[in-house]
Amino acid sequence: MNRRSFIKGAIALSACSTLMPWLSACSVSAKTLFASAFTDKANRHYVGWFDEQGHLHGRVEISERAHDLAYIKSQNRIIAFARRPGVKLHVIDVASKLVVQEINAQPQHHFFGHGVLNADESLLFTTENYFDEHMTERDGLITVRETKDFSIVRQFSSHGVGPHQLALLSDNQTLVIANGGIHTHPAKSREKLNLDTMQPNLSYINTLNGELIAKHQLRDKHLSIRHLCVANDDTVYFGCQYQGAVYQVNPLIYGHRIGEQIQPMQATDKEWMRFKQYIASLSVNDQNELAVTSPRGGVVSIWDRSTLELKSLLTLDDTAGVASSKTTFIATTGRGNLVGVDKALNAINQHQIRWDNHLISFMA
């Protein structure tokens, strides 16, 4: 059992007093809460939610390990996305602390661990893969479901192999997708089958018709684009997991806006080496900052979005998820810690669990 067992996914949400029975009405000051997937020492899988002090307010056991989460404010429900190559979505009612629905992937499909809701929460977009016994390499799929019953309304290509995290831009129509470029097959578990020929890309797609708006690739094709977040100005920040030689040093974090060039974040080779070629979660706050974690490197980094420069690089063993909390960030670790991130690290609490790679925050 590894660190990714608890928290995998950080998204920002907002909700009224109905979110949790122990919270007061919306007329009082809002309270920030967080949610994530996790696994306990007995290898049982859960989704849990907690406050900024690390107090666990609720948890629900699920049948399959989850990766990222999404929150449906209008339904007061959390969706847990199975980790690749899992085949289930769990729908969790926060108030009753119950799994109210399990959605299975279509036959010969699996999930990639991520999904996103549109603005009115009527549609859910998930990254998926279709596979057969021939292990044929093919583009991934974006599946669109209605959230009232999770029936499938349409599917279209992700325009790349191995789609992972995705997000909607502010127009509520353009979807940005991190296509990692790595071909896998459930029969080979998580084995990477095409490292010599991989072609990762960042794709922008019109969700109304599935048409490709733009596709961007990095010069080094071994930079697998995996995770991303989107700022209020539609700048997309994405992180890479390098699949090449262990001695190679590359920028691992980039920013991009449609119609512009991809811009690498600025750090020295020595600083990039601290990440050990692996980026996990990304999040932006209201102070024009970007936070990025690396569990392999054991670091959480803070970047200035205006200058693209590294502001701080802090050691945090087995760091996993990160989410914005007002003007700062909260990070999690595979050791069960919830950590406040500023110029220093402040461990808030510890649980006998293992948080996974992503963390979501919401206001209640």
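The values are calculated or read from the model by the stated rules, or taken from the named source; none is laboratory data. Source: prediction; values computed, not measured. Note that each Cβ is placed from the backbone with ideal geometry, even for glycine, and that neighbours are counted across all protein chains shown. In case anyone asks, the SASA skips ligands and DNA or RNA and just uses the protein heavy atoms, side chains included. Shrake-Rupley method; radii C 1.70, N 1.55, O 1.52, S 1.80 Å.
Let's see how each residue does on (1) open to solvent by less than 30 Å² (accessible area, probe 1.4 Å); (2) closer than 19 Å to residue 186 by Cα:
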{"residue": "67", "(1), (2)": "yes, yes"}
{"residue": "78", "(1), (2)": "yes, no"}
{"residue": "82", "(1), (2)": "yes, yes"}
{"residue": "85", "(1), (2)": "no, yes"}
{"residue": "88", "(1), (2)": "no, yes"}
{"residue": "92", "(1), (2)": "yes, no"}
{"residue": "99", "(1), (2)": "no, no"}
Note to self: Yes or no: segment 239-247 includes at least one residue that is assigned to a loop (DSSP other than H, G, I, E, B), under 20 Å from the mean Cα position of the chain (by Cα) and buried (at least 17 other Cβ atoms within 10 Å of the Cβ).
What the structure shows: yes
Next item on the list: Considering only residues that are in contact with a Lys or Arg (Cβ under 8 Å, 6 or more places away or on another chain) and either of a type in the set (Lys, Arg) or part of a loop (DSSP other than H, G, I, E, B) (or both), look in segment 128-152 and name the one that is surrounded by the most Cβ atoms within 10 Å (Cβ to Cβ).
Entry: 135
Item checked: Unmet criterion (only one of (1) under 21 Å from the mean Cα position of the chain (by Cα); (2) surrounded by fewer than 24 Cβ atoms within 10 Å (Cβ to Cβ); (3) β-branched (Val, Ile, Thr)) for residue 307 -> (1)
Checklist line | Only listed residue being farther than 25 Å from residue 110 by Cβ and either of a type in the set (Gly, Ala, Ser) or surrounded by fewer than 22 Cβ atoms within 10 Å (Cβ to Cβ) (or both), chosen from 172, 194 | finding: 172
Notebook entry, point to check: Where residues in segment 40-57 are at pLDDT 90 or above and surrounded by fewer than 19 Cβ atoms within 10 Å (Cβ to Cβ), which of them is farthest from the chain's Cα centre (by Cα)?
Noted result: 42
Notebook entry, point to check: Can you tell me which residues in segment 275-287 are open to solvent by less than 90 Å² (accessible area, probe 1.4 Å) and modelled with pLDDT of 95 or more?
Noted result: 275, 277, 278, 279, 280, 281, 282, 283, 284
